[in-house]
Structures are given as C-alpha cells and as structure tokens.
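Okay, so here's the structure we're looking at.
The values are calculated or read from the model by the stated rules, or taken from the named source; none is laboratory data. Since we're looking at a predicted model, the values are computed, not measured. Neighbour counts are summed over all protein chains in view; Cβ atoms, including those assigned to glycine, are modelled from backbone coordinates with ideal geometry.
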Amino acid sequence: MKDQNTTNKGKISGPLLFGLKLLSIEKERKTRPLEINSRIRPFSELSYSTKRCKMLSLSQHILDIVEAEKENKFHPTDQIELIQIKFKTCNSLYEINFGQLDKMKEIKKIEAVVKSLDKGYISREAYRSLA
C-alpha cells in the first residue's frame with residue numbers, strides 16, 4: 001500500500017474525501033429550491049433595522065440607476081437630481097429624501113439639543129424637549 005501512495009502523486013478530491021458525493025446528499029440538493037426568493041421574508045416580518053436597511057439599499061440602487069441614466073435620457077445642461085422616493089408596502093408609506101436637510105429644520109434640531117443640554121444631564125425633561 002505504501003508503494004501505491006508513493007507512485008501516485010494525484011490529490012484526493014475534497015468532496016470525495018469528506019463524503020459530499022453521497023447519493024443521499026445529492027438527493028437533498030435536488031429537492032431543495034435553488035431560488036433566491038425562497039430566502040426573502042415578507043416585509044411585515046422583518047425587524048425595524050432590517051426594514052430600514054432594505055429601504056436604504058433599494059433607494060441607493062434607484063439613485064445609482066438615475067445617476068447612470070440621466071446622461072443618456074436628458075441633455076447635459078439639464079440639472080436632474082432625485083429629491084424624494086415614496087414606497088408603500090403593508091399599508092405603510094415610506095418616504096426617503098435625498099440631498100441636504102432643510103436649514104430651518106437643522107437649526108431647530110440644534111436648538112433642541114442645546115436646550116436639553118441646558119436643562120441638565122439626561123433627564124425626563126431633556127428627553128421631552130428633544131421630541
């Protein structure tokens with residue numbers, strides 16, 4: 001047996017070595033669905049962070065498409081920019097805004113933070129003033 005191993009310099013296949021070419025495994029592979037959609041869960045069953053992540057990735061994808069296609073569809077001097085996208089799913093409306101925040105809203109937010117810091121550390125009134 002040692003003579004055979006020294007003369008044969010071929011490598012043993014990993015799937016064959018670990019038993020991944022068994023008939024039972026092959027049958028299981030054929031019965032499982034290969035569709036990607038089988039892994040996608042309904043939107044209503046997702047957590048808040050997963051919903052947010054999916055909406056932002058979809059919005060980024062739409063923004064990338066608009067940025068890539070605006071040169072092909074419009075004149076170069078036209079200033080096309082995406083401002084807002086609205087989605088509705090599961091009877092909920094989602095709005096995603098692009099671009100810079102409104103200056104007045106930003107000033108009010110900063111004033112609210114300063115007001116809450118003036119009232120003290122993290123207290124109930126400070127949280128209420130932020131809302």
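Laid out as a table, the results:
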quantity	calculated
Residue check, LYS51 basic (Lys, Arg) and touching a strand residue (DSSP E or B) at 6+ places or on another chain (Cβ under 6 Å)	no
Only listed residue being in a helix (DSSP H, G or I) and over 19 Å from GLN100 (Cβ atoms), chosen from GLU71, GLU67	GLU71
Breaking point among (1) at pLDDT 85 or above; (2) exposed (fewer than 10 other Cβ atoms within 10 Å of the Cβ), for LEU34	(1)
Single residue of segment 62-77 satisfying the filter (surrounded by 10 or more Cβ atoms within 10 Å (Cβ to Cβ) and of a type outside the set (Val, Ile, Thr)) that is farthest from the chain's Cα centre (by Cα)	PHE74
Unique match (being part of a helix (DSSP H, G or I), surrounded by 10 or more Cβ atoms within 10 Å (Cβ to Cβ) and at pLDDT 85 or above) among SER49, SER44	SER44
Residues being polar (S, T, N, Q) and modelled with pLDDT of 90 or more - total across segment 60-86	1
